[in-house]
1. Provide the FRET efficiency to the nearest 0.05 for the Ser119-Phe143 pair, computing r from the beta carbons and using R0 = 35 Å.
2. Got a sec? Which residues in the stretch 14-29 would a label at Phe89 touch, if it sits 7 Å along Cα→Cβ and we count backbone N under 20 Å?
3. Calculate, in nm to one decimal, what Asp63 and Arg130 gain on full extension: separation in residues at 0.36 nm each, minus their alpha carbon distance.
4. Carbon and sulfur together cover what percent of the accessible area of the stretch 3-164 at a 1.4 Å probe radius?
5. Determine, from the Cβ-Cβ distance of Leu96 and Glu54 and an R0 of 35 Å, the FRET efficiency 1/(1 + (r/R0)^6), rounded to the nearest 0.05.
6. Classify the stretch 9-83 as rounded, prolate or oblate from the Cα gyration tensor: take a ≥ b ≥ c as the square roots of its eigenvalues, call it rounded if a/c is under 1.5, otherwise prolate when a/b beats b/c and oblate if not.
7. Run the helix sum for the chain: -39,500 (n - 2.57) per DSSP H stretch of 4+ residues, divided by residue count, reported at 222 nm to the nearest 500 deg cm²/dmol.
8. Quick one: net charge of Gln123's neighbours, Cβ under 15 Å, K/R +1, D/E -1?
Amino acid sequence: MTTALITGTTAGIGSAFASRLAADGHNLVLVSRDEKRLRDQAADLHDRHGVEAEVLRADLSEDAGIAAVEERLGDRTHPVDLLVNNAGFGNNGRYLEAPLADELRMLKLHCEAVLRLTSAAAQTMRARGRGGVINVASVAAFFPRGTYGASKACVVQFTQGAAKD
């Protein structure tokens, strides 16, 4: 049975990925900041679909959170077959209205975490000769929208380049 690791899994698109992959019989590694919501989601997916749903609490806007997920992606005894980089957020207001610390936190999550987790996953997938990565961006990548649009454009361009390589 294959295993999918999904970031930002407790709401929105991440939750939809988790439900669909579980319904298709994939075991899951669920990653988010809220451990209670993760545990509730894992129990629900296990009960509804009979899959294993591992919980990994991590804040991907912090180095320790990224490192924890990198470590899990590098586990060769319990490999991840599909990585879904979905975690993200947008700041309220216009670019010059948002605190710089919030903008930097968003860039770390949208750009650095996606780069590091894709790299960690690709190493083990390449060694096994199989696997996949889905990096979720936004249509905002194609429109000027301050740091949010720029960070999502980074995800699109990075993903296209990584796929080509």
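The values are calculated or read from the model by the stated rules, or taken from the named source; none is laboratory data. Since we're looking at a predicted model, the values are computed, not measured. A quick note on method: Cβ atoms are made from the backbone with ideal geometry, for glycine too, and the neighbour counts reach across all protein chains shown. Side chains are part of the model used for accessible areas, which takes the heavy atoms of the whole protein and leaves out ligands, DNA and RNA. Shrake-Rupley method; radii C 1.70, N 1.55, O 1.52, S 1.80 Å.
1. Efficiency for this residue pair is about 0.80.
2. Taking a point 7 Å out along Cα→Cβ of Phe89, the residues of the stretch 14-29 whose backbone N falls under 20 Å are 14-16.
3. Contour length minus Cα-Cα distance gives 21.4 nm.
4. In the stretch 3-164, the share of accessible area belonging to carbon and sulfur is 54 percent.
5. For R0 = 35 Å, the calculated efficiency reads 0.25.
6. Oblate, since a/c reaches 1.5 and b/c is not below a/b.
7. That calculation yields -15500 deg cm²/dmol at 222 nm.
8. With Lys, Arg at +1 and Asp, Glu at -1, the net is +1.
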